[in-house]
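The values are calculated or read from the model by the stated rules, or taken from the named source; none is laboratory data. Since we're looking at a predicted model, the values are computed, not measured. A quick note on method: Cβ atoms are made from the backbone with ideal geometry, for glycine too, and the neighbour counts reach across all protein chains shown.
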Amino acid sequence: MSDAPLDILRRVFGYPSFRGQQAAVVDHVVGGGDALVLMPTGGGKSLCYQIPALARQGVAVVVSPLIALMQDQVDALLQLGVKAAFLNSSQDFRTVVDTENRLLNDDLDLVYVAPERLLTARFLGLLEQLVARRRVALFAIDEAHCVSQWGHDFRPEYLQLSVLHERYPRIPQIALTATADQATRNEILMRLGLSEARVFLSSFDRPNIRYTVIEKDNAKKQLLGFMAGRQGQAGIVYCLSRKKVEETAAWLSAQGYPALPYHAGLPVDKRVANQHRFLREDGLIMCATIAFGMGIDKPDVRFVAHLDLPKSIEAYYQETGRAGRDGEPSEAWMAYGMQDVALQYARIAESGANKGQKILESQRLTALLAYCEAPRCRRQVLLNYFGEERQPCGNCDVCQEPPELWDGTKAAQKALSAIFRTGMRFGVAHLIDILRGKATDKVKQWKHDQLPTFGVGGDLDDHAWKSVFRQLAAAGLVYVDMAEHGALQLTESAREVLKGQRTVELRRPAKRKSTPSRGGGTVVNDLAPADEALFQVLRKWRADAAREQGVPAYVILHDKTLRELAEVRPTSHGMLTGITGMGSAKIEHYGDEMLVLIRSAK
């Protein structure tokens, strides 16, 4: 074992102290123990294996599922003076051989490999040689939830990674993920052979993210209202379909918000180019399907917007977690409506999953609906799902504008009765017409104007009834049957409401505003004018340096570090060591240039 972990943290990474459970994880792995680490995105998972890699003898073998993530991690480590490399399918044969030779010559601290590369006979042969010479420090399996067949990012090749523990049980292994419920955690431990591993479970809370969910009503106009004042911010806009991704990207660009599309249907070179631009340029928006995101290590994503409902709370948590990895105030914004619910139920029904998995997916979707319609703090609901209790956060739309609640039992009975009396064969729009007494051609054709429920809901408008039906779906009283073209059907629980054995509390729908409201959550700029000017000078210097080196700007220095430099204005290399994120290698590479810029600032 070489340097003490805390010394490595300060000298190499430029951080004064560990956060949360980092110190406990590092000590456990440095001491040779296996670990499963669950930390929220932005919580510092990478340090949990990078520091043990430098503290133990030999090379750390890091399994990572994405080429882009490997590239960024290696670029960042090289900036810190750490000897790191990766092996994946993007490289030519000569580069692969050179990296393998560096491995055998003890010239690497960390090597990142894709799971399919690690499982080849060639790489396993390399491992045998390294292990024989005791030159493997540890195995790290990033994005470990990919091993779960019930998870949202299942990767079949992850199932074979148990070979590491089977062959090399004495080499410490650390599995890491940002999102996994109890069932997924158990599956990770079982499939990777880590039954004796210590589990480190951090809070899932991301306090810097503000959560907002609104009822969909002209989603483009609502998105534009949210975007007001966000020019120059990096963000991600998720859409369900490829067509909507491309339309939204083109539309946002036309509105003055430069946006790029990303989905699995784009040519590979186009996807790679768009991802490359998003990571390396400031202020771009990525409009994407869920094909984009896992492992995106861009710290300054200021917002994640959903124009369509995700498929589960896990998916929502992971997607929104791509905002604010730098700890600065960020926004998770979503617009959803009943049509979104129908589409997600349709996807579950049409999937090739077995009955048990379809039931589980339906339960996860219902949990997400309950989150969307909950009358209490969104962070409480989100964290409760992951088994955490907390007080109201004060940083979500519900906390900041608490909804009005009302006894919706009678309204619920009217809605459920309308579903029942029409044979559970019709969608929301037709049911609302019946409740409000609208004798449309379709209503008359089916003689629904003769039903006892015709016209009994005239006290609520269309907007309010849509809210009632969404909340009934969220409460598990109705579900959308796509085999019947989106018809609402009653669940067993609905019987209790119809019989008066159960009351229903509903939230009043938000009043629709004629003008878009400004989204909150922008980064608080607390710098004095002169410091802000220096901050912008430093950002321009960083952008030029990043362009020259062909790396993302944040790989050189984070915004948080630049802000601290602008505020503290160090005048010597010694003072630079006190700035967060200024390790010895970065001071050596960039210290002189930064000191010149700082001294010349007014």
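Overview of values
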| quantity | calculated |
| --- | --- |
| Filter result (free of Cβ contacts under 8 Å to residues at least 40 places away in the same chain and either under 16 Å from Val468 (Cβ atoms) or assigned to a loop (DSSP other than H, G, I, E, B) (or both)) within the range 421-438 | Thr422, Gly423, Ala429, His430, Ile432, Asp433, Ile434, Leu435, Arg436, Gly437, Lys438 |
| Gly265, sole failed condition from (1) without any contact (Cβ under 8 Å) to a residue 24 or more places away in the chain; (2) at negative phi; (3) out of contact with any helix residue (DSSP H, G or I) (no Cβ under 6 Å at 6 or more places or on another chain) | (3) |
| Matching residues in the range 15-55 - criterion: being under 17 Å from Ala84 (Cβ atoms) and not in a helix (DSSP H, G or I) | Lys45, Ser46 |
| Selection within the range 270-296 - over 17 Å from Cys146 (Cα atoms) and either in the same structural domain as Leu538 (by TED's automatic domain parsing) or not hydrophobic (A, V, I, L, M, F, W, C) (or both) | Lys270, Arg271, Asn274, Gln275, His276, Arg277, Arg280, Glu281, Asp282, Gly283, Thr289 |
| Pairs where the first residue, in the range 77-96, is in the same structural domain as Leu66 (by TED's automatic domain parsing) and farther than 30 Å from Tyr15 by Cα and the second is crowded, with 18+ Cβ neighbours inside 10 Å and among the small types (Gly, Ala, Ser), C-beta under 8 Å, 6+ apart | Asn88/Ala114; Ser89/Ala114 |
| Test: residue in the range 325-348 that is assigned to a helix (DSSP H, G or I), more than 19 Å from Glu215 (Cβ to Cβ) and under 13 Å from the mean Cα position of the chain (by Cα) | no |
| Pair list, Cβ < 9 Å and 6+ apart or interchain, from the range 219-233 residues that are in a helix (DSSP H, G or I) to residues that are of a type in the set (Lys, Arg) | Gln222/Lys216; Gly225/Lys513; Gly225/Arg518; Phe226/Arg518 |
| Residue check for Ala543: surrounded by fewer than 20 Cβ atoms within 10 Å (Cβ to Cβ), hydrophobic (A, V, I, L, M, F, W, C) and either under 29 Å from the mean Cα position of the chain (by Cα) or not in a helix (DSSP H, G or I) (or both) | yes |
| Selected residue (criterion: surrounded by the fewest Cβ atoms within 10 Å (Cβ to Cβ)) from residues of the range 1-60 that are free of Cβ contacts under 8 Å to residues at least 24 places away in the same chain and acidic (Asp, Glu) | Asp7 |
| In the range 552-600, the residues that are in contact with a Phe, Trp or Tyr (Cβ under 7 Å, 6 or more places away or on another chain) and hydroxyl-bearing (Ser, Thr, Tyr) | Thr580 |
| Of residues in the range 177-215 being basic (Lys, Arg) and crowded, with 18+ Cβ neighbours inside 10 Å, the one modelled with the lowest pLDDT | Arg185 |
| Candidates Glu166, Glu187, Glu157 - the one that is without any contact (Cβ under 8 Å) to a residue 40 or more places away in the chain, among the acidic types (Asp, Glu) and not in a loop (DSSP other than H, G, I, E, B) | Glu166 |
| Index of the failed condition, Val524 passing every other in (1) surrounded by 12 or more Cβ atoms within 10 Å (Cβ to Cβ); (2) hydrophobic (A, V, I, L, M, F, W, C); (3) modelled with pLDDT under 90; (4) closer than 28 Å to Asn395 by Cβ | (1) |
| Single residue of Lys444, Lys414 found to be of a type outside the set (S, T, N, Q), in contact with a Gly (Cβ under 7 Å, 6 or more places away or on another chain) and part of a helix (DSSP H, G or I) | Lys414 |
| Filtered residues of the range 132-154 (kept if out of contact with any His (no Cβ under 9 Å at 6 or more places or on another chain), assigned to a loop (DSSP other than H, G, I, E, B) and either over 30 Å from Ser351 (Cβ atoms) or of a type in the set (Phe, Trp, Tyr) (or both)) | Arg133, Arg134, Arg135, Trp150 |
| Unique match (being within 28 Å of the chain's Cα centre (by Cα), modelled with pLDDT of 95 or more and under 30 Å from Gly193 (Cα atoms)) among Val29, Val59 | Val29 |
| From Gln73, Gln129, residue being modelled with pLDDT under 95, polar (S, T, N, Q), part of a helix (DSSP H, G or I) and over 30 Å from Glu361 (Cα atoms) | Gln73 |
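Condition check ((1) within 27 Å of Gly283 (Cβ to Cβ); (2) surrounded by fewer than 23 Cβ atoms within 10 Å (Cβ to Cβ); (3) of a type in the set (A, V, I, L, M)) across all residues:
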residue	(1), (2), (3)
Ile296	yes, yes, yes
Leu309	no, no, yes
Tyr316	yes, no, no
Arg322	yes, no, no
Glu331	yes, no, no
